[in-house]
Amino acid sequence: MAHVLTVSGSPSASSRTAALLRHVGDRVAERGHRVTPLAVRDLPPGPLLSADVSDPAIREAVAAVERADAVVVGTPVYKASFSGALKTLLDLLPQSALTGKTVLPLATGGSPAHVLAIDYGLRPVLSSLGTDSILRGWFVLDRHLTREADGSVTLAAEAAQGIDDAVDRLALSLGAHPGVPAPRPAVAA
Ligand SMILES: Cc1cc2nc3c(=O)[nH]c(=O)nc-3n(C[C@H](O)[C@H](O)[C@H](O)COP(=O)(O)O)c2cc1C
């Protein structure tokens with residue numbers, strides 16, 4: 001069992017990105033991994049903006065990243081890039097915070113014109129935090145995500161396959177994690 005942290009970079013209280021991350025987290029947990037959610041919007045804004053790592057909530061957020069074997073980073077596309085809220089968290093992490101960790105980047109956005117925001121905006125920043133393993137991410141159009149009353153999310157068919165494939169990529173990479181036993185070979189009769 002690997003430990004997977006999901007990080008939502010949306011400042012929105014009714015965030016589609018956070019709903020997508022819950023969906024992905026549930027799928028990853030079904031594969032037997034431990035999933036912990038972290039939402040930047042729940043962190044105290046003053047300490048977040050001043051990078052006050054002595055604040056208990058900020059310290060715990062940094063520790064949660066340190067404990068994780070893999071991190072799913074989800075962001076809304078704002079002004080053609082990833083959210084400023086996510087950047088405030090990434091900025092206060094130690095330079096090697098993602099070393100040895102697998103990272104799956106996800107984004108939600110309103111326009112297919114910004115589908116490359118993950119690759120042009122987010123990927124270089126994640127890479128600068130030390131990870132050699134950034135999986136191919138996925139961008140979901142906001143109109144393909146419907147939040148249900150119970151907090152779950154329904155994905156339109158156009159988005160569902162891409163997200164399933166992204167979860168498969170993460171699960172495959174976690175299969176190689178030392179905490180996950182390798183599948184037993186079939187025994188010949
Ligand atoms: C301030 C703001 C700026 C946005 N800028 C873009 C943009 O440049 N490109 C885009 O595709 N969508 C843009 N959007 C749409 C959001 O990315 C999209 O609705 C997203 O799913 C919102 O996610 P959230 O509910 O988690 O915040 C913007 C939305 C807001 C509120």
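The values are calculated or read from the model by the stated rules, or taken from the named source; none is laboratory data. Just so we're clear, the structure is a prediction, and the values are computed from it rather than from any experiment. So basically every Cβ, Gly included, is an ideal-geometry build from the backbone, and we count neighbours across all protein chains shown. Note: areas computed on protein heavy atoms with side chains; ligands, DNA, RNA excluded. Shrake-Rupley method; radii C 1.70, N 1.55, O 1.52, S 1.80 Å.
What the table below lists for this structure:
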quantity	calculated
Whole-number D in µm²/s for segment 68-173 (Stokes-Einstein; Kirkwood sum over Cα pairs; 25 °C, 0.890 mPa s)	171
Listed residues Asp165, Asp150 arranged by accessible area, highest first, probe 1.4 Å	Asp150, Asp165
Within the chain, percent of DSSP bridges classed antiparallel, to nearest 5	15
Heavy-atom accessible area ranking, 1.4 Å probe, most first, across Thr88, Thr75	Thr88, Thr75
Alpha carbon convex hull of segment 83-137, projected area averaged over orientations, nm²	3.7
Net charge dipole size for the chain [Lys, Arg +1 and Asp, Glu -1 on Cβ; Debye, nearest 20]	140
Sorted peptide list for 47-55, 63-71, criterion being average Cβ within 10 angstrom, highest first	63-71, 47-55
Cα-based radius of gyration of segment 1-96 once divided by 2.2 N^0.38 Å, which approximates compact folds	1.05
Whole-Hz ³J(HN,Hα) from phi, Karplus 6.51 cos²θ - 1.76 cosθ + 1.60, for segment 91-108, glycine and proline x	5, 9, 6, x, 4, 9, 4, 9, 4, x, 10, 8, 10, 10, x, 10, 9, 10
Over the chain: Kirkwood hydrodynamic radius from C-alpha pairwise inverse distances, Å	16.9
Whole-Hz ³J(HN,Hα) from phi, Karplus 6.51 cos²θ - 1.76 cosθ + 1.60, for segment 10-27, glycine and proline x	8, x, 7, 6, 10, 6, 5, 4, 5, 5, 4, 5, 4, 4, 5, x, 5, 5
Packing-based ranking, highest mean first, of 129-136, 34-41 given that Cβ atoms within 10 Å are counted	34-41, 129-136
Ser111 versus Ala63: modelled label distance in nm, points set 7 Å from Cα along the beta carbon direction	4.3
Gyration tensor verdict on segment 115-167 (Cα atoms; rounded if a/c is under 1.5, prolate if a/b is larger than b/c, oblate otherwise)	prolate
